Amino acid sequence: MIGKIIGLGSYLPDKVVTNDDLSRIVDTSDEWICERTGIRERHISDHKVETTSYMAGVAAQRAVADAGIEADTIDLIVAASTTPDTVFPTIACSVQKAVGASESCGCFDVNSACPGWIAAFLTAQSFIESGRARRALVVGAETLSNYVDWTDRGTCILFGDGAGCAVLEASEGDPVRSIMRSSCVRGDCLYCASMKQPDRLDDEEFIKSTYFQMAGRDVFRFAVTEVPKIITDVLNEAGVSSDDIDWFILHQANARIIEATAKKLKMDLSKFPMSLQGTGNTSSASIPSLMDVMKRDGRLVKGQKIVTASFGAGLTWDAAYFEY
Ligand code: ACO
């Protein structure tokens, strides 16, 4: 039994911030950002309206419409985020309200930084494999712009806001193969101490504690070492050759990380789709949003063999192999 993806949806805020816009705020340039990251622009939310829960809800509504199902047939919603609007209720509960799912639908969130969407996807797959759910929504949603120090050129150029959602339905087929790994010992290179609190926006010291702290080179080295390894391992576990894979759908953090991964796997870069040029790193939203784009432009079609992999704070990294 497998939870097949039967619908996809995504949401990006209207406001676009280009590299040239950023070069007016910090000492950087379009040329530097494009060369080092591949990113050209990112979407930044209007924080009063486009909250993480709001974006998650719209992405989920679009995915449900794409799947063509009735909301009261959804029996599980799992949402991944590192940037929820509140400690509770969960984002999954706000998605339940947005799509109009019934009270017999279980709702909870997972936080595993950027790899969170794959963690949520695997959690939903386990519910489906064990027969405890038949239809599930798996959401990734982030407002990273709330946690970026807009005076730090080393981080503010990288991130964007957005949300993505997949609808899973129990179907006959081989279960998803997956690997999850983590290393707290190596985790200091990526850190965020506090959640934003609307009533403490004037407290400068507190606000500083909400900023992303990142040793970029260490994260880069970790990613280009571990992502190719975990992909190789998940392919071996599934007994599939890399040549059989139609798409390697990786976390959209940096084009150079994706290029290095393709090179280490000795695979053609054309099998590694990228959307980061127009979105920046949207953390747990990046993989479902990219899949939604690929479905809409006709690249993602039924029966294709997919490997997906992600990495991020913790440190955590994960990979999954499945048939779309
Ligand atoms: N514009 C211009 N110059 C810059 C900028 C900028 N925006 N940022 C840094 N520089 C400078 C540095 O100060 C440094 O100057 P120096 O040599 O005079 O000291 C020089 O450029 C090189 O800096 P590096 O940090 O070595 O640049 P690098 O090539 O490593 O690129 C980057 C930096 C883009 C951050 C890269 O390391 C990276 O992408 N790392 C991975 C980050 C990542 O993916 N994080 C997300 C993880 S997922 C999650 O959980 C959120």
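The values are calculated or read from the model by the stated rules, or taken from the named source; none is laboratory data. Keep in mind the model is a prediction, meaning the values are calculated, not measured. Here Cβ is always computed from backbone atoms with ideal geometry, including for glycine, and neighbour counts include all displayed protein chains. Heads up: the accessible areas ignore ligands, DNA and RNA and are worked out on the full protein's heavy atoms, side chains in. Shrake-Rupley method; radii C 1.70, N 1.55, O 1.52, S 1.80 Å.
Can you tell me which residue within the range 229-265, out of those that are in a loop (DSSP other than H, G, I, E, B) and among the β-branched types (Val, Ile, Thr), is most open to solvent (accessible area, probe 1.4 Å)?
Result: VAL240.
Give the range 142-193 a look and list any residue that's closer than 25 Å to ARG40 by Cα, more than 19 Å from the chain's Cα centre (by Cα), assigned to a loop (DSSP other than H, G, I, E, B) and not acidic (Asp, Glu), or say none.
Within the range 142-193, TRP150, THR151 qualify.
CYS192 - would you say it is surrounded by 14 or more Cβ atoms within 10 Å (Cβ to Cβ) and either in contact with a His (Cβ under 9 Å, 6 or more places away or on another chain) or modelled with pLDDT under 95 (or both)?
yes
In the range 132-144, is there at least one residue being of a type in the set (S, T, N, Q), open to solvent by less than 60 Å² (accessible area, probe 1.4 Å) and assigned by TED's automatic domain parsing to the domain that holds ALA65?
yes
I'd like the residue in the range 103-123 that is open to solvent by 30 Å² or more (accessible area, probe 1.4 Å) and hydroxyl-bearing (Ser, Thr, Tyr) and, out of all such residues, is nearest to the ligand (Cβ to nearest atom).
The qualifying residue nearest to the ligand (Cβ to nearest atom) is THR123.
Restricting to the range 29-43, give me the number of residues that are in contact (Cβ under 8 Å) with a residue 40 or more places away in the chain, touching a helix residue (DSSP H, G or I) at 6+ places or on another chain (Cβ under 6 Å) and assigned to a helix (DSSP H, G or I).
So the count comes out to 1.
Yes/no per residue for (1) of a type outside the set (Asp, Glu); (2) in contact with a helix residue (DSSP H, G or I) (Cβ under 6 Å, 6 or more places away or on another chain); (3) within 21 Å of LEU12 (Cα to Cα):
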{"position": "ALA101", "(1), (2), (3)": "yes, yes, no"}
{"position": "SER104", "(1), (2), (3)": "yes, no, no"}
{"position": "ASN111", "(1), (2), (3)": "yes, no, yes"}
{"position": "CYS114", "(1), (2), (3)": "yes, yes, yes"}
{"position": "ILE118", "(1), (2), (3)": "yes, no, yes"}
{"position": "GLN125", "(1), (2), (3)": "yes, no, no"}
{"position": "ARG132", "(1), (2), (3)": "yes, no, no"}
{"position": "LEU137", "(1), (2), (3)": "yes, yes, yes"}
{"position": "ALA141", "(1), (2), (3)": "yes, yes, yes"}
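Quickly run through the range 6-58 and pick out the residues that are farther than 10 Å from GLY162 by Cα and either among the polar types (S, T, N, Q) or assigned by TED's automatic domain parsing to the domain that holds ILE257 (or both).
Matches in the range 6-58: THR18, ASN19, SER23, THR28, SER29, THR37, SER53.
Just one of ILE74, ILE44, ILE33, ILE39 is β-branched (Val, Ile, Thr) and farther than 16 Å from THR279 by Cα; which is it?
Among ILE74, ILE44, ILE33, ILE39, only ILE74 is β-branched (Val, Ile, Thr) and farther than 16 Å from THR279 by Cα.
Find all pairs meeting these conditions: Cβ atoms under 8 angstrom apart; at least six residues apart or on different chains; first residue within the range 202-230 and not assigned by TED's automatic domain parsing to the domain that holds ALA309; second residue among the small types (Gly, Ala, Ser).
none
Looking at THR151, is it open to solvent by 10 Å² or more (accessible area, probe 1.4 Å), within 13 Å of the ligand (Cβ to nearest atom) and closer than 30 Å to VAL49 by Cβ?
yes
May I ask you to say which residue of THR90, THR86, THR82, THR51 is hydroxyl-bearing (Ser, Thr, Tyr) and closer than 16 Å to SER286 by Cα?
THR82
Can VAL64 be described as in a helix (DSSP H, G or I) and either more than 16 Å from the ligand (Cβ to nearest atom) or of a type in the set (Gly, Ala, Ser) (or both)?
Taking the combined requirement at face value, the residue satisfies it.
Could you please let me know if ASP75 is surrounded by fewer than 22 Cβ atoms within 10 Å (Cβ to Cβ), outside the structural domain of SER284 (by TED's automatic domain parsing) and in contact with a strand residue (DSSP E or B) (Cβ under 7 Å, 6 or more places away or on another chain)?
So ASP75 passes the test.
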